[in-house]
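Please read the structure below before turning to the comments.
The values are calculated or read from the model by the stated rules, or taken from the named source; none is laboratory data. Computed from a predicted model, the values in this text were never measured in an experiment. A quick note on method: Cβ atoms are made from the backbone with ideal geometry, for glycine too, and the neighbour counts reach across all protein chains shown.
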């Protein structure tokens, strides 16, 4: 069995940010990552997502992200940057290691259970993100649909939709990006969303970003399931999006009421034939491994104070709720470590650094 002051679960933006500040603070820590290599969720992005269409990558702490060529795949460029960050700071990242459960362990420690080895820790920083928990809402008739129902997580490019009638469900950035690609090859596309989309022509300023984060933070402080930062953010009106709106590609319809064997139908009797229903309906936080700690409240949410779980202060969730963005994950990593220094005893860690320099 291994032991560390802190076990970090996940090596995406939030996990590496946390590792950076843990290293600076002198903590003994290990990072457990389920992926076979660096990059977090970025290594799984669809192949047609190029750096030119990525909204932006915020630098990991301590290392600048040199902009790659616009045509480079995001699934190649960002993992390469994450790998360089791991090498630069010499993080102890164990992979592929999937965490099965976090439990209360002996001697007032937490036990992090994996198939390979169990770890005990004084605290856990959870940075597992959402990519492994795609969300597909249920609608009547869903099981009777004779076509294909992929999720964003299954998307590999527009070629799979060539000549097909496609219904794209979802009002976020991913839905718009995929719809624009598919519209060029599909026989017909239909875009449906629960709420009318809001396009933003102005810049995404820091003040606007703070407003979005504050809205998400308010929910998690109340113990409610978090609304994603991406969902709370308005759609960016790029020249490509403006052209698609003018061409009618982004003419949106309200959500259908049910799914038929050959398409979708609304309450007024309107039907639309479809060969594919593409669910761009987001993700949920991957937190099942924390279930033994019983952190969730009656409404299914986890009450948070910053990154700290109110019910268990030794557990911090980074990349969760208001910190589920690249810039938010960096700030969350710093905040989590600052809190853990106070909780676990900064003086003891300083003594360790002095002893290390003396050796």
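Identify the residue in the range 36-65 that is more than 13 Å from residue 86 (Cα to Cα) and within 14 Å of the chain's Cα centre (by Cα) and, among all such residues, is modelled with the lowest pLDDT.
Top of the filtered list is 57.
May I ask you to list pairs of residues, at least six apart or on different chains, whose Cβ atoms are under 6 Å apart, with the first in the range 258-273 being part of a loop (DSSP other than H, G, I, E, B) and the second being at pLDDT 95 or above?
So the pair list comes out as 261/144; 261/146; 262/273; 266/256; 266/257; 267/257.
Quickly run through the range 1-52 and pick out the residues that are assigned to a strand (DSSP E or B) and either out of contact with any strand residue (DSSP E or B) (no Cβ under 9 Å at 6 or more places or on another chain) or free of Cβ contacts under 8 Å to residues at least 40 places away in the same chain (or both).
Going through the range 1-52, the residues assigned to a strand (DSSP E or B) turn out to be 2-9, 29-32, 50.
Hit for the range 1-52 is 50, nothing else.
Quick one: is residue 60 surrounded by fewer than 21 Cβ atoms within 10 Å (Cβ to Cβ), in contact (Cβ under 8 Å) with a residue 24 or more places away in the chain, at negative phi and not assigned by TED's automatic domain parsing to the domain that holds residue 178?
Numbers: surrounded by fewer than 21 Cβ atoms within 10 Å (Cβ to Cβ): no; in contact (Cβ under 8 Å) with a residue 24 or more places away in the chain: yes; at negative phi: yes; not assigned by TED's automatic domain parsing to the domain that holds residue 178: yes.
For residue 60, the condition - surrounded by fewer than 21 Cβ atoms within 10 Å (Cβ to Cβ), in contact (Cβ under 8 Å) with a residue 24 or more places away in the chain, at negative phi and not assigned by TED's automatic domain parsing to the domain that holds residue 178 - is not met.
Please find, among 69, 113, 77, 83, the residue that is over 29 Å from residue 194 (Cα atoms) and part of a strand (DSSP E or B). Lay out the reasoning, then the answer.
Numbers: 69 fails: part of a strand (DSSP E or B); 77 fails: part of a strand (DSSP E or B); 83 fails: part of a strand (DSSP E or B).
113 is the lone residue from the list that is over 29 Å from residue 194 (Cα atoms) and part of a strand (DSSP E or B).
With the requirement that a residue be more than 24 Å from residue 138 (Cβ to Cβ), part of a helix (DSSP H, G or I) and out of contact with any helix residue (DSSP H, G or I) (no Cβ under 8 Å at 6 or more places or on another chain), what does the range 159-184 give you? If you could, list the steps in order and put the result at the bottom.
In the first step, residues of the range 159-184 are kept if they are more than 24 Å from residue 138 (Cβ to Cβ); the result is 159, 162-163, 177, 180-181, 183-184.
Filter again for part of a helix (DSSP H, G or I), leaving 159, 177, 180-181, 183.
Answer for the range 159-184, where residues must be more than 24 Å from residue 138 (Cβ to Cβ), part of a helix (DSSP H, G or I) and out of contact with any helix residue (DSSP H, G or I) (no Cβ under 8 Å at 6 or more places or on another chain): just 159.
Output the residue which, of all residues in the range 131-158 that are assigned to a helix (DSSP H, G or I) and in contact with a strand residue (DSSP E or B) (Cβ under 6 Å, 6 or more places away or on another chain), is nearest to residue 259 (Cα to Cα). Walk me through it before giving the result.
Of all residues in the range 131-158, those assigned to a helix (DSSP H, G or I) come to 142-144, 152-154, 158.
Keeping just the survivors that are in contact with a strand residue (DSSP E or B) (Cβ under 6 Å, 6 or more places away or on another chain) gives 142, 153.
Numbers: 142: 5, 153: 21 Å.
Looking at the filtered set, the residue picked out is 142.
What tally of residues in the range 292-307 results from selecting those that are touching a strand residue (DSSP E or B) at 6+ places or on another chain (Cβ under 8 Å) and at pLDDT 95 or above?
Selection size over the range 292-307: 3.
Does the range 185-195 include one or more residues that are in contact with a helix residue (DSSP H, G or I) (Cβ under 8 Å, 6 or more places away or on another chain) and surrounded by fewer than 17 Cβ atoms within 10 Å (Cβ to Cβ)? So that I can check it myself, show each step before the final result.
So in the range 185-195, the residues in contact with a helix residue (DSSP H, G or I) (Cβ under 8 Å, 6 or more places away or on another chain) come out as 185-186, 189, 191, 193.
Applying the additional criterion that residues be surrounded by fewer than 17 Cβ atoms within 10 Å (Cβ to Cβ) yields 185.
So far as the range 185-195 goes, yes, one or more of its residues are in contact with a helix residue (DSSP H, G or I) (Cβ under 8 Å, 6 or more places away or on another chain) and surrounded by fewer than 17 Cβ atoms within 10 Å (Cβ to Cβ).
In this structure, does residue 156 turn out to be within 20 Å of residue 54 (Cβ to Cβ), surrounded by fewer than 19 Cβ atoms within 10 Å (Cβ to Cβ) and touching a residue at least 24 places away in the same chain (Cβ under 8 Å)? So that I can check it myself, show each step before the final result.
Working: within 20 Å of residue 54 (Cβ to Cβ): yes; surrounded by fewer than 19 Cβ atoms within 10 Å (Cβ to Cβ): yes; touching a residue at least 24 places away in the same chain (Cβ under 8 Å): yes.
So residue 156 fits the description; yes.
Anything in the range 335-359 that is at pLDDT 85 or above and surrounded by fewer than 18 Cβ atoms within 10 Å (Cβ to Cβ)? List them, or say none.
Keep residues of the range 335-359 that are at pLDDT 85 or above, which gives 335-344.
Answer for the range 335-359, where residues must be at pLDDT 85 or above and surrounded by fewer than 18 Cβ atoms within 10 Å (Cβ to Cβ): 338, 339, 342, 343, 344.
Checking residue 289 against (1) modelled with pLDDT of 95 or more; (2) outside any helix (DSSP H, G or I): exactly one of these is not met. Which one?
(2) is the only condition that residue 289 fails.
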